[in-house]
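For reference, the structure is listed below as structure tokens.
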Amino acid sequence: MSSQPSGERFATSTTASTEWLTAKEAALYLRANHRTILFWARQGRIKGHRLTSTKRSVWRFRREELDMAFSAPQLPAVIESTLSSAGSATRRVA
């Protein structure tokens, strides 16, 4: 008789689990050179997680953060309403 409960040994949450990519995997995903991915991470253009040691640094990237970095920026609702009302006022004057 097994001491483990039936089913999965460890429960995993689908919202908490993310896919971590190496620089080369992120490069394949974004269709860019892996050196470019590392350059963008150092510049802060994309979110990268640096795992350091004494001799070299290793970078890891989360797929969802890469997706967010290249998605269209969303304007807050207050700014959108201000821009739309300013645009309608200009049209009335002209």
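Nothing in this text is a laboratory measurement; each read-out follows from the coordinates by a stated rule. Every value quoted in this text rests on a predicted model; they were computed, and no experiment measured them. Neighbour counts are summed over all protein chains in view; Cβ atoms, including those assigned to glycine, are modelled from backbone coordinates with ideal geometry.
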Separation of the Arg31 and Arg50 label points, Cα + 7 Å toward Cβ, nm: 3.0
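Net charge within 15 Å of Arg31 by Cβ-Cβ distance, Lys/Arg positive one each and Asp/Glu negative one each, not counting Arg31 itself? Each step should come with its number before you reach the end.
Details: positive: Lys24, Arg35, Arg63; negative: Glu25, Asp67.
Charge balance near Arg31 sits at +1.
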Where labels lie 7 Å past Cα in the beta-carbon direction, separation of Thr18 and Asp67 in nm: 1.2
